[in-house]
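The values are calculated or read from the model by the stated rules, or taken from the named source; none is laboratory data. These numbers were taken from a predicted model, which means no experiment stands behind them. We place every Cβ from the backbone using ideal geometry, glycine too, and count neighbours over all the protein chains shown. Accessible surface areas use protein heavy atoms only, side chains included; no ligands, DNA or RNA. Shrake-Rupley method; radii C 1.70, N 1.55, O 1.52, S 1.80 Å.
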Amino acid sequence: MLRTGQMILARVLICRFLANEYKLSPGDPIPVQSVSRESEILRLFADYPAGECPFSVHNIVEEHKRARLDAGERVKKASRIVVEWFAPSTIAAVLRRLIERCMPHALAMFVPVDGVIYLDQVVALCSRNGASDAAAAGGEVPCFVLVPVRLGLEKVNEEYVPELKKLFALPQCVGIIGGRQRESLYFVGHQDDNLIYLDPHIVHKAEGTLDTQTYHCQFPQTVSARDIAPSLAIGFYCAGVADARHLVAALVQIQAATAYPIVTAAEQTPDYLCESCVPRL
C-alpha cells in the first residue's frame, strides 16, 4: 500500500501542477516545461530519506512511526513498522500528515473521519489563504480527498460494483487504491465489471539519474471487481471550492439513486460531531 499510496498522490500532484497540458502518447511529445515539472514531481517520491523527497517510502514509514507515537503508542523498533501491512486508511492518514507539513500552501488533504465528505470541511480547506502560486485562483488551495471504505468481509460485495463504476466516471475521481490479498494495486478505471489497474510491483535497476519513462505503465491489466479485497480508499481531486461543490452534488445524486452508497456526502457537518472532526487550518 506504500507504493499505491505514492501513485495516487503522484496523480494528484500531476493534476495540481500540470493539469491539461500533461499527456503521454506516441507521436505527441510532452512540452519541455512539462517534462521538467514531471521530473520535479517524481523527485518528491525518490527512495531517499532526505527532506527534498518528502513522499519517499522512508519518510512515509517514519511519519507513520511519528503518528503512532503522537497517539501514545509505544514503538520499540522502527523496523517492525516497515513489515506491517498499511491498510488504505493508514496510508491515507500518513499522506495527510505529510502534505500538511511539506506543502500546506500548495495542496490540502481531507480524510473523512466517518466516511462522509462534508462540503463545509472541504471548503474550509480550499479557502485557506497563502496559496503558493497563481494556479490557485483567488487564494484557493486544491484539495485531495481520500475516502477509506470497506465493501464486504473477504471480497467486495457485488451489490457495490455498479456504484463503484459510477465513481470512476466522476471528473474529480483520481482512482482507487486497494488490491488483492498480499498485493496492493492502483485502480484507474473499469471495463464492464473488470477494474483496470496499475501494478507497482515491478523492480527496476537503481540509477543515479531520473528516467521518467520507467515511471509509466505501458500495459495496464484488469481484475474482476468481485475478486479484490474489500478495504479500499477512493480518491478525488478538487481544484477549488466550485469543484468541491460539483463533487458533493454528484455524490448526493448517486447515493439518492442507490440502496448501497459507497461514498456519502452532505453539505454541513452535523452538530453532534466533535470539534476534532473539523479539519485543522
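Details
- Summed residue charge, Cβ within 15 Å of Tyr186's Cβ, Lys/Arg positive, Asp/Glu negative: +1
- For Ser231, the amide hydrogen comes within under 5 Å of the amide hydrogens of Leu151, counting only partners 5 or more places away or on other chains and with H modelled in the peptide plane.
- Neighbour cut-off at most 12 other Cβ (10 Å), DSSP loop, trypsin sites (Lys or Arg not before Pro), segment 166-247: Arg182, Lys205
- The Cα atoms of segment 180-256 give a gyration tensor whose axes a ≥ b ≥ c have a/c of 1.5 or more with a/b no greater than b/c, which makes the shape oblate.
- Phi to ³J(HN,Hα) by Karplus 6.51 cos²θ - 1.76 cosθ + 1.60 over segment 120-126, Hz, x for Gly, Pro: 5, 6, 5, 4, 4, 6, 5
- Counted charge near Leu95, where neighbours are those whose Cβ lies closer than 12 Å (Asp, Glu -1; Lys, Arg +1): +1
- FRET efficiency, 1/(1 + (r/R0)^6) with R0 30 Å, evaluated for Gln191 and Tyr215 via beta carbons: 0.80
- Neighbourhood net charge (9 Å Cβ-Cβ; Lys/Arg +1, Asp/Glu -1) for Phe144: +2
- Segment Ala50-Glu100, length gained on full extension (0.36 nm per residue, minus Cα span): 16.3 nm
- Taking amide H as placed 1.01 Å from N in the peptide plane, the amide H of Thr264 sits under 5 Å from that of Ile117, each at least 5 places away or on another chain.
- If R0 equals 25 Å, the separation of the Cβ atoms of Thr258 and Arg182 corresponds to a calculated FRET efficiency of about 0.20.
- Förster-model FRET efficiency, 30 Å R0, Arg226 and Asp114, C-beta, rounded to 0.05: 0.65
- Once all protein chains are placed together, His246 keeps about 120 Å² accessible to a 1.4 angstrom probe.
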